[in-house]
Structure formats: C-alpha cells, structure tokens
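The structure appears below as structure tokens.
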There are 2 protein chains.
Amino acid sequence: MVARWDIGDFVDRTIGGWRSQRSVHHLAFAHFEAVTSTIVVSNISPTDERVIDLCKIYDCNPDRVVSPFQMTWNGESDWDGEISQGQTILVPIPTGQYQGKLLRDQGYAETIPAVGEYYFTEDNTFVLTTTYDRAAAEEKIWFINDNVRCRVSLIKTSGGSGVVTASFSSEIRQN
Amino acid sequence: MVARWDIGDFVDRTIGGWRSQRSVHHLAFAHFEAVTSTIVVSNISPTDERVIDLCKIYDCNPDRVVSPFQMTWNGESDWDGEISQGQTILVPIPTGQYQGKLLRDQGYAETIPAVGEYYFTEDNTFVLTTTYDRAAAEEKIWFINDNVRCRVSLIKTSGGSGVVTASFSSEIRQN
C-alpha cells in the first residue's frame, strides 16, 4: 500500500501552476462542453484576514486551520467562447486525520461562500461533498503522479439523487 | 460505511443498456474528442465456449470464473465522424474477496486478448490495471446511483509514468 496523505500532504502537491482540460457533460441533453484553462494554486497564511473572516462566517476556530490556499483560474469554454476568470480561498479544517471541513469564499455550483466535507480514501483520493440550497456537488481528485492529476465533479439535484452535470478535468503541471 | 461489493455485485449492477458520453483528452496536444455511444452488457454462461477458450489462453481454471459477461458498443466520435462498433467478452477470476484477474478477448489499448488485475476500494470503486507490450491502461469505474456511473480511463506509456490520454465516460442507464 502507498503511504496515506492528510490534507497538508494534498495541498503541498497541489501548489503550483496547472494546465487544465475540462469536459463537461450536460446529461439531460447529452451535450459536451470543453474548457481549457490555467490554474495557479498558492499557499496563504493562516492569519490572512480572508481566512479569519471565513472562519467567522462558519463559526470555526482559526487555530484549527491547516494549509489554507488560494486558486486563481483563467479559462475559455468552447460553448459560448466566454473567458472565465476567478479566484477563491480554500480553508481546510481537519476533524480527523483523513477528514474535515473545507471552507471556501466562493462555491463551485453557486457563487456564495460554502462549506464542504472532505475525506481521503485509502488510495489517496480526495473526496469533497458540498450541499447548497438548490444543488449538491461531489468532487473527487487524485494524482496519477506528481505532475498529472484528475478531477471528477458532479452537480446533483439538492436531494442528491439526480445528476445534472458530470465533468472531468485532466490537469498537467506547468513549469 | 456502505456495504462493500465483490465482482458479482458489480457485474449485476452493470448488466443492461447504457447511453455513454465519453470525452477523450489527448494530453500532448490538449485536444478534446467527444464520443457518444450505446453500450449493452449481458451475462454469459461460465461454460460458454469463448470463456473456456480465454481461460486456456491464460492458463486459468474455468471453475474459478465468476460472473462472465459481454459488452457490445456502438459509438460515434466527433473527431473523425467514424462509427465504431465492437464486442468483447470479460471473464473475472477472483483471487480474493475484493480483487482478482480480468481476462478479455479484446483489450482497450490494443486489440489483442489481455489480462488485467482488478480490485475494489472501500467505497466500491472498481480499479483495473492492464499492462500491454507498449502501453498500460488504468481504469476506475464507480456508480453514483443504480442508473448513473462514471468511468475514468488512462492510457500510459508502458513504463507507467507518462499519461498519453485520459478519458471520462458518464453512463446513464437506458430503459
């Protein structure tokens, strides 16, 4: 068996620049969308004001934060040709060695602050579930090697039974 | 925790007709390929002549075969507009409760008989690795619910370090 990772190990391997190919499957219409983007992930300080603010919103103790980071992305979709850019702050708060909460100032399915629950499987897949008012998101991320990772994201109806979109990203590290 | 599946449980849930959306990421060129297909999976008898023949090729005892099945697919790619059709026989041979060998009469990366090694993770993801002469394939399949499943397939260089293509299928059960 491989050595198991905790959230700190996972964030360490995520830091850096990535070139991402993302395919979105809109299941109801059997429609494909292709998005090419660059993603930059960098550490931020646990005492960063934005980290402290997020902890306040979710009534979490900032002393329990581990490896907060920020993601910046810049992508182009073949659907509408639109360029999307954004940045989000992610704040892990472990509740066990291989599980915890993840606060973020902007969710994937809706653009409001969100809190998700994560855990790691025994083969170091990071699994994140986030429940929103009208939707639920489930994300799995795993590394093929230090320079290639895969991410599958599902957007479900809020009850969690129906899948609305399924998307897949292959991410290659950029030097 | 959910109840863990063995290969018989997994094959039972796979039997039937599926509509598949598959996105192939050719990583070197950042090229996207979209394939829409239908897949029909059905049980075959452990005493089927094709099962016995495959066991002979790989010097396996046919008495140890569990839940052999066949897959038929019919797909169209947006890359070359080509219609691809095919059929393959898959023959599981457990070596433990959650692991074993999978014989098939036609591989994914090369069109020759192939033998792969599978195991199930604790969250019922089926993981299959197959080593070919000039490539290695790694496939993960998991069910979101009884009617939706996801499949990620990687084709690697034979050494296993480089990823050549990464593909993702979302599969919806057809009535």
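Given labels modelled 7 Å from the Cα in the Cβ direction, how far is it in nm from A:ASN61 to B:ILE83?
Rounded to a tenth, the inter-label distance reads 6.6 nm.
If the elastic network links every pair of Cα atoms under 10 Å, which of A:PRO68, A:PRO46, A:PRO92 fluctuates the most in the Gaussian network model of chain A?
Result: A:PRO46 has the largest fluctuation of those listed.
Using the eigenvalues of the Cα gyration tensor, what equivalent ellipsoid semi-axes result for the stretch A:130-175 when each is taken as the square root of five times the eigenvalue, whole Å, largest first?
On the way: eigenvalues 146, 15, 12 Å².
Taking √(5λ) for each Cα gyration eigenvalue gives 27, 9, 8 Å.
Give me A:HIS26, B:HIS31, B:HIS25 ranked fewest to most by other Cβ atoms within 10 Å of their Cβ, as a rough exposure proxy. Display every interim value, and only then the final one.
Working: A:HIS26 17, B:HIS31 13, B:HIS25 26.
Ranked by crowding around the Cβ, least crowded first: B:HIS31, A:HIS26, B:HIS25.
Give the lysines whose C-alpha is closer than 29 Å to that of B:LYS56, dropping any in the same chain fewer than 8 places away, or say none.
Filter leaves B:LYS101, B:LYS140, B:LYS156.
Counting only other chains, what is the mean number of Cβ atoms within 10 angstrom of the Cβ of each residue in peptide A:120-128? Don't skip to the answer; put the middle values down first.
Numbers: counts 0, 4, 3, 7, 0, 4, 0, 1, 0.
Mean number of neighbouring Cβ atoms from other chains: 2.
To make sure I understand, if each residue's beta carbon is the centre and we count other beta carbons within 10 Å, what order do A:SER167, B:SER170 fall in, fewest to most?
Numbers: A:SER167 21, B:SER170 27.
With the fewest neighbours first, A:SER167, B:SER170 line up as A:SER167, B:SER170.
Calculate for chain B the 222 nm mean residue ellipticity that helices alone would give, adding -39,500 (n - 2.57) per DSSP H run of length 4 or more and normalising by residue count, nearest 500 deg cm²/dmol.
Details: 2 runs with 17 residues, N = 175.
Using -39500 (n - 2.57) per qualifying helix, the result is -2500 deg cm²/dmol.
What average number of partner chain Cβ atoms lie no more than 10 Å from the Cβ of the residues making up A:145-158? All intermediate terms of the calculation are to be shown ahead of the outcome.
Numbers: counts 5, 0, 3, 7, 2, 7, 2, 7, 0, 4, 0, 3, 0, 0.
Taking all residues of A:145-158 together, the mean is 3.
Identify the residues of the stretch B:1-20 with backbone N under 20 Å of a label point that sits 7 angstrom from the Cα of B:TYR119 along the Cα-to-Cβ direction, or state none.
Zone members listed by number: B:2-11.
Using only the Cα atoms of the stretch B:27-101, what semi-axes does the equivalent ellipsoid have when each is the square root of 5 times a gyration tensor eigenvalue? Give whole Å, largest first.
Values: eigenvalues 202, 49, 24 Å².
Semi-axis lengths for the stretch B:27-101 are 32, 16, 11 Å.
Per residue of A:23-33, count partner chain C-beta atoms within 10 Å of its C-beta, then hand back the mean as an integer. Please report the intermediate quantities before stating the final value.
Details: counts 12, 1, 10, 2, 6, 1, 0, 7, 2, 9, 3.
Taking all residues of A:23-33 together, the mean is 5.
Any idea what diffusion coefficient the protein assembly as shown gets from Stokes-Einstein, in µm²/s, Kirkwood Rh on alpha carbon pairs, 37 °C, 0.692 mPa s? Before the final figure, lay out the partial values.
Numbers: Rh = 21.5 Å.
The Stokes-Einstein estimate is 153 µm²/s.
What is the Rg over Rh value, at two decimals, for chain A, using alpha-carbon atoms and the Kirkwood definition of Rh? Before the final figure, lay out the partial values.
On the way: Rg = 15.9 Å, Rh = 16.8 Å.
Computed over Cα atoms, the ratio is 0.95.
Read the figures in this text as sums done on the coordinates, not as results from a lab. This is a predicted model, so every value here is computed, not measured. Cβ sites come from the backbone with ideal geometry, for glycine too, and all protein chains shown count toward neighbours.
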